[in-house]
Amino acid sequence: MDDAHSDDGATRVTHAPASAVTIRRSPKYGIFLALGIALGIVAAIILTTVFDGTSEPSPYTEVSYSLTQAFGFILLWCIPAGIAIMMILAMILDRISSRSLRQTIVQVDRVDER
């Protein structure tokens with residue numbers, strides 16, 4: 001290692017040897033998660049307004065459900081489905097972007113100030 005000292009002896013720089021690193025782009029999974037939640041909410045709103053099955057009682061429980069309750073039940077299915085779809089899309093995009101790798105040379109210099 002090569003050490004360089006300043007005149008006052010307060011700064012010490014340590015040079016590391018250069019090494020090759022691989023750089024690749026990766027999708028931000030948090031963004032895809034948020035988009036999946038939004039997709040699930042939009043799908044639940046559409047399904048709730050298109051299919052009006054709340055006017056008659058359920059054949060299984062003999063209870064009639066309000067529009068809000070039906071929306072909540074549909075959300076229980078649509079949000080996880082939206083998240084799953086968007087995460088699969090993110091993994092596909094990650095796989096595609098991993099094909100375009102770049103190699104570069106980096107050198108790290110550590111500066112120790114005392």
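Every number in this text was worked out from the coordinates using simple rules, so none of it is lab data. Only a predicted model underlies this, so the values are computations on that prediction, with no experimental measurement involved. Cβ sites come from the backbone with ideal geometry, for glycine too, and all protein chains shown count toward neighbours.
Using a basic spin-label model with each label point 7 Å from the Cα along Cα→Cβ, how many nm lie between Ile46 and Gln103?
Each label point lies 7 Å from its Cα, and together they span 4.7 nm.
Can you give the longest run of the chain that contains no chymotrypsin sites (Phe, Trp or Tyr not before Pro) sitting in a DSSP loop with at most 10 other Cβ atoms inside 10 Å?
Here the longest segment lacking exposed loop sites spans 61-114.
So how far apart, in nm, are the two label points at Ile23 and Ser66 if each is 7 Å from Cα heading toward Cβ?
Output for this residue pair reads 5.6 nm.
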